[in-house]
Amino acid sequence: MVAINTKGMITSDRSKIPTPIISPTTASHRHLHSNDTNIVDVPELTKRLQIAVSAPRRKPSSANKSLNPTPPASYPPSISSSSSSSSSSSSSSSTTSSPTSSIICPSLPEQFIFKRPEYNDYYHQTHFHHHQQKQHHVNCDHPSPSSQWLDRLNFFSDHTSTVPPAMVESSSPAMSKSSDFTFANQFHHDLETRYGKWGRFIGKGAGGSVRLIRRSKDNSILAVKQFRKRLPQETEKDYIKKLTAEFCIGSTLHHPNVIKTLDMVHEDGQFYQVMDYAPNDLFNIVMSGMMSREEMACCWRQLLNGLEYLHGTMGIAHRDLKLDNLVLDQYGILKIIDFGCATVFKYPFESSIIMTKGIYGSDPYIAPEQYTQSRYDPRFCDLWSCGIIFICMTIRRFPWRVPRMCDRSFKLFAQHRGLLKLLPREARPAITGLLELDPRKRWTLDQLLQDEWVQQIDTCTEQAPGDNHVHHVSTAAHQDHRNNLVIMTSEAPGVVAEKERKRLAQFPPYSPQNKNIAA
């Protein structure tokens, strides 16, 4: 119906559309889930998160429960969140705060408390590696401050979850309660969904245990290290610092003779580090007794190549080099693993060497100055360990229990050096230089690489195998185009051949006369 007013203007009887009210807050089209950290006050976040982690957990009281009821399956329009991360960012900037957020973690800034979003099918197809294929229904109405911090910390460093804003601006209808997740819960159960099915345990050490997992997208096998739990006397800050330091160091290393670190995941209160899997343990290969001198020298030379990259290029000392931390992949390429004791001794664009203190490593491989000096150069400790590794490969036993004068074997070595006579003659000068008791007289890595014997070692690379030797492994590639790998047997080849000869000697050779006699 149209009405004519007294001034001659034609107007409609419908109410006018109100003018939109612009909020005083600054609008931003950047979404909080991106890797753009300019929208985050990182120092302030770090400070508040550390306070939140150190705060003791408190069970919600009955009064808090009444103030924080279980959210319904579908939210009313006034408090519903869209599937886009930009809406989460804008809603957190509003003046109305969520009571759930303030109860869960009062010490965290409100902009870092993720609301419970309503994810549609399209969002699941473009985030978190298809989580809709395997949904986990876990009650996460009261996540701990520690888990919130770690989930967000991992997410800010996750480059795979970045989505253009145009893809995430559309809102979605509410999902049922059985499939209702918080953002933290999406990442909380991320390991098996992202990578695949768990496999067997393959080892355990002081830093944790290692288990296999088969990646579903390419059917490859990866190694997952489950870090040890926090010790009673260890603070939360020191524990997190140690785990993140190992991952940060490992993830920055890219060399054929260093294991590749892929990811770090926090799940069910445990920390996991995902790495490439090299199936052949060098310690087991050495103890099999099948390694030739050329094979030992090749593995040792590959170790030096990896150490040259760590020391010369990255300024990192391993500090726990031993046979147990050396593996071979399915092509016979040696990999250095386990950087739990690693340290940075030289930063980029600096020339000074940072001395270290404390005792690190395994007793037979530790350099003696760690017991006698308050501070020492970690590079020479790695070089000492390389010398011990070569001795262990050659004589297949530890030269001593601990490198101190109270150890009789080490004392004899310090006085007479008779142990070096058990080594190949061409290797003695290099190993003698590495096992110098005074680190000031010990060979440097450059001196070692200039040694005539070291330069003449027939070495395998990723591009081509060595010319004059093979490698004994327990697992080889299905298509061994390199033709330099030999599968190990339970016994030495000579023992197997002798048993076969004796077995055949029990039966007389075939002849027509023997056939007639048997008839």
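A few remarks follow.
- Residue check, PRO368 farther than 29 Å from THR261 by Cα and touching a Ser or Thr at 6+ places or on another chain (Cβ under 9 Å): no
- Just so you know, in region 260-315 the residues that are acidic (Asp, Glu) and over 30 Å from ARG397 (Cα atoms) include one that is nearest to the chain's Cα centre (by Cα), and it is ASP263.
Yes/no per residue for (1) of a type in the set (Lys, Arg); (2) without any contact (Cβ under 8 Å) to a residue 12 or more places away in the chain; (3) part of a strand (DSSP E or B):
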| position | (1), (2), (3) |
| --- | --- |
| VAL327 | no, no, yes |
| LYS335 | yes, no, yes |
| PHE339 | no, no, no |
| ILE353 | no, no, no |
| GLY358 | no, no, no |
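- Residue check for ASP438: in contact with a His (Cβ under 6 Å, 6 or more places away or on another chain) and either surrounded by 12 or more Cβ atoms within 10 Å (Cβ to Cβ) or in a loop (DSSP other than H, G, I, E, B) (or both): no
- Flag if LEU419 is more than 33 Å from the chain's Cα centre (by Cα) and modelled with pLDDT of 95 or more: no
This table checks each residue for (1) modelled with pLDDT of 80 or more; (2) closer than 15 Å to MET275 by Cβ.
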| residue | (1), (2) |
| --- | --- |
| PHE155 | no, no |
| HIS159 | no, no |
| PRO165 | no, no |
| PRO173 | no, no |
| ARG194 | yes, yes |
| ARG230 | yes, no |
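- Among the residues making up region 468-493, those that are at pLDDT below 75 and assigned to a loop (DSSP other than H, G, I, E, B) are GLN479, ASP480, HIS481, SER490, GLU491, ALA492.
- Which numbered condition GLN370 fails, given (1) part of a loop (DSSP other than H, G, I, E, B); (2) surrounded by fewer than 24 Cβ atoms within 10 Å (Cβ to Cβ): (1)
Here is a yes/no grid of residues against (1) outside any helix (DSSP H, G or I); (2) open to solvent by 10 Å² or more (accessible area, probe 1.4 Å):
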site: LEU262; (1), (2): yes, yes
site: GLN273; (1), (2): yes, no
site: MET296; (1), (2): no, yes
site: CYS299; (1), (2): no, no
site: LEU303; (1), (2): no, no
site: GLY306; (1), (2): no, no
site: ASP320; (1), (2): yes, yes
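- Test: residue in region 217-238 that is surrounded by fewer than 15 Cβ atoms within 10 Å (Cβ to Cβ) and either on the phi > 0 side of the Ramachandran plot or assigned by the TED database to the domain that holds ILE337 (or both): yes
- Positions within region 239-259 being surrounded by fewer than 17 Cβ atoms within 10 Å (Cβ to Cβ) and either small (Gly, Ala, Ser) or within 9 Å of the chain's Cα centre (by Cα) (or both), in sequence order: ALA245, CYS248
- Flag if PHE398 is open to solvent by 40 Å² or more (accessible area, probe 1.4 Å) and within 29 Å of GLN455 (Cβ to Cβ): yes
- For region 358-371, a residue qualifies if it is at pLDDT 95 or above and out of contact with any helix residue (DSSP H, G or I) (no Cβ under 9 Å at 6 or more places or on another chain), and exactly one does: TYR371.
The values are calculated or read from the model by the stated rules, or taken from the named source; none is laboratory data. This one's a predicted model, so the numbers in the text were calculated from it and none came from an experiment. As a convention, Cβ positions derive from the backbone with ideal geometry for all residues, glycine included, and neighbour counts pool all protein chains shown. Only protein heavy atoms, including side chains, enter the accessible area calculation; ligands, DNA and RNA are left aside. Shrake-Rupley method; radii C 1.70, N 1.55, O 1.52, S 1.80 Å.
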